[in-house]
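Structure first, then comments.
The values are calculated or read from the model by the stated rules, or taken from the named source; none is laboratory data. Since the structure is predicted, the reported quantities are computational estimates derived from the model, not experimental observations. Cβ placement follows ideal geometry from the backbone for every residue including glycine, while neighbour counts extend to all protein chains displayed.
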Amino acid sequence: MNILVSDHLSEEGLAILRAEKDMAVDVRKSVPPDELLRIIGNYDALIIRSTTRVTEAVTEAGKRLKVIGRAGVGVDNIDVAAATRRGIIVMNAPEGNTLSTAELTMALLLGLARNLYHVHHLLKSGVWDRSRHTGREIHGKCLGIIGLGRIGTEIVKRATAFGMKVLIYDPYASQELADRLEVQLCALDEVLSQADFITVHCPLTDSTRYLIQDKEFEKMKTGVRILNCARGGILHEGALQRAIESGKVAGCALDVFEQEPAEHHPLLRYDQVIATPHIGAATVEAQQSVAVQIAQQVVETLRGRPARNAVNLPPMDPEVLERLGPYIHLAEKLGRLLVQMAAGPLARVNVTYTGEMNDHDVRPITAALIKGLLEPVLNRPINYVNAPVIAQERGIKIIESKSTLAEDFSNRIALEAQIAQEVLAVVGTLFGKSEPRIVRINDYHLDAVPEGHMLIVRNSDRPGVIRHISTILADHQINIANMNVGRDKPGGQACTVVNVDTPLSEEALADIAALRLIRDVRQVFLG
Ligand code: NAD
């Protein structure tokens, strides 16, 4: 097997490749594009960083290529679609920067507690001032962590070693993980009201954009210190500025901004703010660690083992794909629906398959279902290859069963999860072999199209409810594409599913939630 490394890769990564006796490694830094085209046909694997551009022409000339490894996260210099068409696995190394970012967060946290950066700056400018900069110990203080993923988990370990009490808000984290780390999962409000320090480690998604805005700052303790080393836009910068002005926030550390570079950002004026230019991953070790990770992954893949962190999936056997494709699509939608409706962490999901899909290997369908469960809540490329592994790491068990009993539909995929005290069930089917439908949510029978932005409303079955929902949507300029109601009995409880053309603002959702006969409303995006 021949491996071409065409950008700088640290020695630690190269050593792993060279240790494989039956693999030959060529390191050719900065290969011009035409030369890359000429030589790529000799290689089974290509490892790059951000310089080499892997165009469609490169994937075509790479007749032997099986895998392209990117030492780092972003794959925008690779034509992933072209690689996928040719059956080449593209993988990245997203875990390499976890520790570096966690350490930067701890450095900033300590810096905030002791006003380090401010006094340092004063002293450098000739001011020896010991009296006005009394700091706080972090020992015994409460740290609120928003997002218990890779980085959040590392922060837990470090903060508890410093004697901090840790509270977590992560609606998708499993209790099993929290128990293992000996931390408490709580509601967002509880974290906001109890924490002396708050640090954000979730991805930037539709549901986390402006997660912390004016009303969240209001719920915090006066004198709270807050950190964002995740992504700009999770904290609302205007609201943060107001909270600093009002004295609510005593200190703030930012590695990320809504617009970067941010050298003239208004927040930088405040002594309470310390800031770094998005350097969470900028360490020698992170660079080494991504090199090691990608080298190991490429070797494993060339040896035919499962491709970890593959961002694509080579096409399946076309015949199988034709038969299973619509079920794969349906399963992914149902997974997305379940996770976004869940009001707590998923620890175990039971899936029952009924109908013709049982004549085939259902693993690709389950992989798609898991992809749907994870993608809306994680900050990493999830695909059919890595989804089952990531679910396992996060303590989510998927229990598959097959049933021949087609009570209502000739084919169906039924998901059921126990979330806190509640059982959440969703059932989907294909109409006419390829049209996906949601046919049941809990006990409510429906005929809803799982597509785009949707509202799932649980309400009392009384005259006027639907009119009120429609009026609020119209007031907020939201167009309804489809509406479907299932109820347990006339005048009982109902589930109203609304497909809308554009997402609802928080205000619109709050207006619907405030209606007298509404029990619960959730907005989901099914893609
Ligand atoms: P991850 O995918 O491992 O974990 C993300 C966690 O956020 C998951 O546990 C998920 O359940 C949780 N989450 C999702 N939606 C949530 C919500 N609405 N509320 C609370 N929690 C929610 O991601 P990671 O690798 O730990 O990265 C975390 C963040 O750090 C990401 O935003 C990433 O982009 C950022 N990051 C920044 C730098 C830097 O240079 N500053 C470097 C690496 C990562």
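Need at least 2 residues that are surrounded by fewer than 19 Cβ atoms within 10 Å (Cβ to Cβ) per element, so show me which strands (runs of 3 or more DSSP E) inside the stretch 360-464 make the cut, counting only ones lying wholly within it.
The strands (runs of 3 or more DSSP E) meeting that bar are 397-403, 412-419, 422-431, 444-448, 453-460.
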Reported set for the stretch 43-52 where residues are out of contact with any Leu (no Cβ under 8 Å at 6 or more places or on another chain) and either outside the structural domain of Thr84 (by TED's automatic domain parsing) or modelled with pLDDT of 95 or more (or both) is Ile48
Checking Gln297, Gln287 in turn, the sole residue that is part of a helix (DSSP H, G or I) and either in contact with a strand residue (DSSP E or B) (Cβ under 7 Å, 6 or more places away or on another chain) or at pLDDT 95 or above (or both) turns out to be Gln297
Across the stretch 122-166, the tally of residues that are more than 16 Å from the ligand (Cβ to nearest atom) and not in a helix (DSSP H, G or I) stands at 22
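Inside the stretch 341-359, can you point out the residues that are in contact with a helix residue (DSSP H, G or I) (Cβ under 8 Å, 6 or more places away or on another chain), in a helix (DSSP H, G or I) and surrounded by fewer than 19 Cβ atoms within 10 Å (Cβ to Cβ)?
Glu356
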Thr98 vs (1) free of Cβ contacts under 8 Å to residues at least 40 places away in the same chain; (2) touching a Lys or Arg at 6+ places or on another chain (Cβ under 7 Å); (3) among the polar types (S, T, N, Q): all pass except (1)
Picked from the stretch 90-106 (must be part of a helix (DSSP H, G or I) and either more than 8 Å from the ligand (Cβ to nearest atom) or modelled with pLDDT under 90 (or both)), the residue surrounded by the most Cβ atoms within 10 Å (Cβ to Cβ) is Thr105
The residue from Ile328, Ile279 that alone is more than 16 Å from the ligand (Cβ to nearest atom) and either under 30 Å from Leu430 (Cβ atoms) or outside any strand (DSSP E or B) (or both) is Ile328
Given the conditions (1) within 11 Å of the ligand (Cβ to nearest atom); (2) within 30 Å of Val224 (Cα to Cα), every one holds for Val73 apart from (2)
